[in-house]
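The values are calculated or read from the model by the stated rules, or taken from the named source; none is laboratory data. Just so it is clear, the structure is predicted and the values come from calculations on it, not from any experiment. Cβ placement follows ideal geometry from the backbone for every residue including glycine, while neighbour counts extend to all protein chains displayed. We work out accessible area using only protein heavy atoms, side chains counted, and drop any ligands, DNA or RNA first. Shrake-Rupley method; radii C 1.70, N 1.55, O 1.52, S 1.80 Å.
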Amino acid sequence: MNGSKKIAIVTGSRADFGLLRPVIEELMTSEKFQVEIWATGMQLSSQFGNTYKDIESLGLRIHEKVVCLTEEDSEDANTVAVGTAMKEWANVLKRNKPDLMLVLGDRFEILAAVQSALFFKIPVAHLCGGDVTEGAFDEAIRHSITKCSHIHFVTNEDAKNRVLQMGENPANVYNFGSPAIDLMNQLDWVSKDELAKDLNIVFSKINFLITFHPETLAKGSGVEEVSRQMSSLTAALKEFDGEASFFITGTNADNAYSVIDQKILEFCS
């Protein structure tokens, strides 16, 4: 590996790792790069399943771990998480300076990693910049990560134009599409019956796949408002009780996630 460039790939959740995986696998086939995986955020949280173990089960080594999340899900907890992460990233980068940091998306724990890299003068490559997430602070975080980054791999022309409007060098903005497409092309698809058997579920004539994301930028988007919205959602779903099957995704470490999880469990029971 003499003369190879070290790339530190930061992952904070199953969501970003799923998209990063085909990129990681491709980079690892090249002798030009020395790839390290650095985990943080929900990957290292027992509340979210210690999903870093899923990475290790693939035979991949995690070189650095930055624990930053608390057991709370409030605005101040998220703020503390960013501060904690930056302090820990400073220690990681002080002893371990990669040639490039590679990140994806819009999470606050990823922002902490990128801000730290900025102060250490470590270039950052950002995937999926320029996207829009209305009503959530994810969008502002994503754009902030863009401004702290140096190379941009966007997924569509609209996103590319937004990144260029932020003043980024056109020579460093590439629209290569979403790595999710590469991931889907690698999947071994199964039939509906096989999926039902694998997951031990029953499909109905009507099936709902449900994801609820709190509107984190809305005024009054705290526990009470999220609880009210979830109650409205589950009341609407109950109109189809006995006629439909419901498949509900769990939450990320967003404001009031514990209330959302509680309402989901109440509805399912």
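Values for this structure:
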item	result
Given charges at beta-carbon only (K, R positive; D, E negative), |dipole| of the range 1-132 in Debye	700 debye
Leu58 versus Asp188: modelled label distance in nm, points set 7 Å from Cα along the beta carbon direction	1.7 nm
Under-5 Å amide H pairs with Cys68, H placed in peptide plane, nonlocal only	Gly41
Share of pairwise Cα separations in the range 147-269, more than 17 Å, in percent	71 percent
Residue-wise HN-Hα coupling along the range 190-196, computed from phi with Karplus coefficients 6.51, -1.76, 1.60 (Hz; x: Gly, Pro)	10, 6, 4, 5, 5, 5, 4
Cα convex hull volume per residue for the range 34-75 (Å³)	65 Å³
The range 1-140: proportion of alpha-carbon pairs further apart than 28 angstrom, %	13 percent
Mean accessible surface per residue for the range 6-102, computed with a 1.4 Å probe while every protein chain stays in place, in Å²	50 Å²
Low-density loop positions, trypsin sites (Lys or Arg not before Pro), the range 38-76 - DSSP coil, at most 13 other Cβ in 10 Å	Arg61
Cα-centre dipole for the chain with unit charges at Cβ (Lys and Arg positive, Asp and Glu negative), debye to 20	1020 debye
Estimated inter-spin distance, Leu195 and Lys65, nm [label 7 Å along Cα→Cβ]	3.4 nm
Residues with amide H under 5 Å from that of Leu127, placed H, sequence gap 5 or more	Val103, Leu104, Gly105, Phe153
Leu27, Leu195, reordered so the largest accessible area comes first (probe 1.4 Å)	Leu195, Leu27
Rounded Å value of the spacing that divides the Cα centres of the range 5-30 and the range 160-198	13 Å
Average accessible surface area per residue within the range 128-269, 1.4 Å rolling probe, Å²	62 Å²
Solution diffusion estimate, µm²/s, Stokes-Einstein, the chain, Kirkwood Rh from C-alpha pairs, 4 °C, viscosity 1.567 mPa s	64 µm²/s
Rel. contact order, % - alpha carbon contacts under 8 angstrom, at least six apart, the chain	15 percent
Listed residue (Phe33, Thr234, Ser116) projecting farthest to the positive dipole end of the chain, Cβ model	Phe33
Within the accessible area of the chain (1.4 Å probe), percent carbon and sulfur	52 percent
Global form of the range 65-195, assessed from the alpha-carbon gyration tensor, a/c cut-off 1.5	oblate
Listed residues Thr70, Thr79, Thr40 arranged by accessible area, highest first, probe 1.4 Å	Thr79, Thr70, Thr40
